[in-house]
Amino acid sequence: MTLKEALDAGKFVVTAEIGPPKGTDIAEMIHHIDLLKGKIDAANITDNQSAVMRINSMSVCRLALEKGLEPILQMTCRDRNRIGLQSDLLGASILGIHNVLCMTGDHVSAGDHKEAKPVYDIESVQLLRIVDALNHGRDMMGNELKGATRFFQGAVVTPEANPVDPQLMKFEKKINAGANFFQTQAIYDIEKFKEFMAFARKFPIKVLAGFVVLKSAGMANFLNKFVPGITVPQLLIDELKAAGKENALDAGLNITARHIRQLKDGKICDGVHIMAIGMEDKVPTIMELAGLL
Amino acid sequence: MIITRKKDRNNILETVKKYDSFFLIGCSECASLCGTGNEEALDEMAEFLRSNGKKVTGTLIPKTGCQTLGTKIELKKDKDACEAADAIIVMSCGAGTQSAVEIFKDKPVYPSNDSLFLGNMTRFQMFDERCSLCGECIIGKTAGICPVTNCPKGLLVGPCGGMSDGKCEVSPDIPCAWVRIYERQKALNNLDEMKEVIGPKNWSAGQKPGNLSAKKDADKKEKKD
């Protein structure tokens with residue numbers, strides 16, 4: 001079942017992330033693909049995540065497809081101009097890749113090639129419009145294509161951005177530009193997320209709530225301090241502390257599973273997006289704990 | 001104005017090592033306000049060159065270094081000093097330096113400054129960049145704040161996910177341009193203007209090298225009207 005079919009069928013969808021490695025040794029990544037296929041509905045293949053140069057997303061998407069895992073092509077506007085982006089979209093399409101997540105992309109200053117020229121010729125909202133045009137058989141200039149694409153395009157949103165209003169205005173622009181589904185930045189406060197969903201439910205879109213597993217109280221504090229749009233409530237930090245160093249990861253997995261269960265049982269959103277960041281092998285554990293396997 | 005910063009003096013010395021004598025040209029406009037091409041800066045450079053065994057045949061601070069014709073006329077009185085120099089060091093911006101390149105057909109010309117940006121002076125010798133000279137101004141749609149310049153990604157449609165407490169992901173010292181635009185639009189009761197999707201930007205409007213004949217441009221417009 002494709003991601004679109006799963007969402008259309010009203011399935012509570014689970015997506016996760018595969019981060020291509022830096023270098024040609026893909027043994028571990030293949031292991032993760034094998035581990036996740038048949039369990040999750042689709043996997044985001046990241047695009048030079050955090051502006052660190054790695055294998056490109058498109059090649060790994062194709063590999064995942066061959067392995068039987070539905071890929072979501074993450075596409076940022078950091079490294080390619082409008083010609084490169086459209087050309088890659090056409091390329092992805094003929095390789096059978098039909099899910100695309102349109103993002104602006106972390107600035108090069110975050111990565112390992114800080115002296116690179118950041119491109120941002122266009123940005124996430126424009127990229128969504130471009131995908132819509134390609135789906136209608138035209139490039140962004142209106143030139144006719146010999147064969148249209150059939151992308152299922154999505155975007156990202158940060159429900160806990162501060163201030164949130166300009167972020168919500170951009171969220172609406174993304175919807176108007178053709179985004180069908182959204183994956184959110186990591187959320188830890190279900191009540192706050194419900195408020196966001198009350199707003200998001202006004203629109204004909206699917207929302208997958210983002211999760212980053214907390215490995216320790218220290219990690220929670222780090223996220224609060226350094227990662228934009230993430231707020232881990234003190235109650236959860238206390239819960240991790242109380243579990244002790246040995247059991248902090250288990251506590252973190254339990255918190256994630258508990259939250260996912262709450263969202264699913266309360267029919268709050270349409271699915272979840274688990275960003276394991278190096279702990280891909282724990283995704284099935286979380287799904288089991290959440291009653292999704 | 002054009003904001004400039006002095007290059008490392010020892011690097012300049014290394015670049016010009018094969019020459020013995022120099023004529024120095026500053027600028028009374030931007031480079032003077034930046035302290036990179038005023039009398040004090042020229043004196044300092046002359047002193048530095050002399051202390052390293054070089055000769056300074058003369059100095060000039062033209063009124064506007066990037067005004068090529070005017071600078072050429074001003075330099076006439078220094079004809080002998082210029083001729084006596086092996087090379088010219090220009091202590092203004094890249095534009096001023098290239099005026100000298102045009103004027104001195106048979107003499108090497110070297111810059112002593114790095115040209116950084118078109119900037120506003122906020123306090124004495126404190127500058128920040130507000131305009132990127134992109135060729136197609138959009139600040140009429142963004143509450144007068146330029147996102148092409150003030151956002152490190154030059155985003156035209158709103159803040160990215162990297163914004164945190166109104167600050168930029170690139171540095172907490174940079175206020176998010178789109179939060180600033182949002183706040184100003186809100187204060188002006190113009191938030192509906194933020195709903196417009198600007199772009200994709202026409203980057204060809206700022207194609208390099210720029211070239212404009214204001215008179216021809218005006219004549220053309222007149223004809224059109």
Remind me, relative contact order of region B:2-117 in percent, using alpha carbon pairs under 8 angstrom and six or more residues apart? 35
What does the charge dipole of region B:1-123 about its Cα centre add up to, to the nearest 20 debye, if the Cβ of each Lys and Arg holds +1 and the Cβ of each Asp and Glu holds -1? 140
Lys and Arg at +1, Asp and Glu at -1: add these up for the other residues within a Cβ distance under 13 Å of residue A:69 and post the number. -2
Whole-Å distance, taken between Cα centres, linking region A:187-233 and region A:125-172: 23
In region A:12-120, which GluC sites (Glu not before Pro) are in a loop and have at most 12 other Cβ atoms within 10 Å, using DSSP for the loop call? A:115
Candidates A:113, A:136, A:32: whichever shows maximal mean-square fluctuation once chain A is modelled as a Gaussian network with Cα springs under 10 Å: A:113
Under 13 Å from the Cβ of residue A:279, count the other residues' Cβ atoms, weight Lys and Arg +1, Asp and Glu -1, and hand me the total. -3
Between residue A:199 and residue A:225, what is 0.36 nm times their sequence separation minus the Cα-Cα distance? Round to one decimal in nm. 6.7 nm
Ignoring trypsin sites (Lys or Arg not before Pro) buried by more than 16 other Cβ within 10 Å or outside DSSP loops, the longest site-free run in chain B is B:142-225
How about region A:1-36: which trypsin sites (Lys or Arg not before Pro) there lie in a loop by DSSP and see at most 12 other Cβ atoms within 10 Å? A:22
Under 15 Å Cα to Cα from residue B:195, which aspartates and glutamates show up? Leave out anything in the same chain fewer than 8 places away. A:165, A:172, B:183
Share of pairwise Cα separations in the protein assembly as shown, more than 47 Å, in percent: 28
What does the charge count around residue B:173 come to, taking other residues whose C-beta lies under 15 Å from its C-beta (Lys +1, Arg +1, Asp -1, Glu -1)? -2
Can you tell me the equivalent ellipsoid semi-axes for region B:133-205? Use √(5λ) from the Cα gyration tensor, largest first, whole Å. 19, 16, 10
So, relative contact order of region B:133-205 in percent, Cα under 8 Å, 6 or more apart, is 36
Would you list B:176, A:269, B:134 from fewest to most Cβ contacts within 10 Å? B:134, A:269, B:176
With both bridge residues required to lie in the protein assembly as shown, what share of the DSSP beta bridges run antiparallel, to the nearest 5%? 20
Among A:277, A:233, A:98, which residue has its Cα furthest toward the positive end of the charge dipole of chain A, with +1 on Lys/Arg Cβ and -1 on Asp/Glu Cβ? A:98
Helix A:165-176 vs. chain A, principal-axis angle (Cα, 0 to 90°, nearest 10): 50
Straight distance only, please: which lysines reach the Cα of residue A:11 with their own Cα at less than 17 Å, same-chain residues fewer than 8 apart left out? A:37, A:39, A:206, A:264, A:267
Correct response: the longest run of chain B lacking exposed GluC sites (Glu not before Pro), defined by DSSP loop and at most 16 other Cβ within 10 Å, is B:1-135
What is chain B's relative contact order, in percent, from Cα pairs under 8 angstrom and six or more apart in sequence? 17
Relative to the longest principal axis of the C-alpha atoms of chain A, give the angle of the C-alpha long axis of helix A:57-67, reported between 0 and 90° and rounded to the nearest 10°. 80
Helix axis angle, A:27-36 relative to chain A longest principal axis, alpha carbon, degrees: 80
Going through region A:108-187, which trypsin sites (Lys or Arg not before Pro) have at most 13 other Cβ atoms within 10 Å and a DSSP loop state? A:114, A:146, A:150
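Rule-based calculations on the coordinates, nothing more; no lab input. From a predicted model like this one, the values you see are computed outputs, not experimental measurements. Don't worry about glycine lacking a Cβ; one is built from the backbone with ideal geometry, like all the others, and counts go over all protein chains shown.
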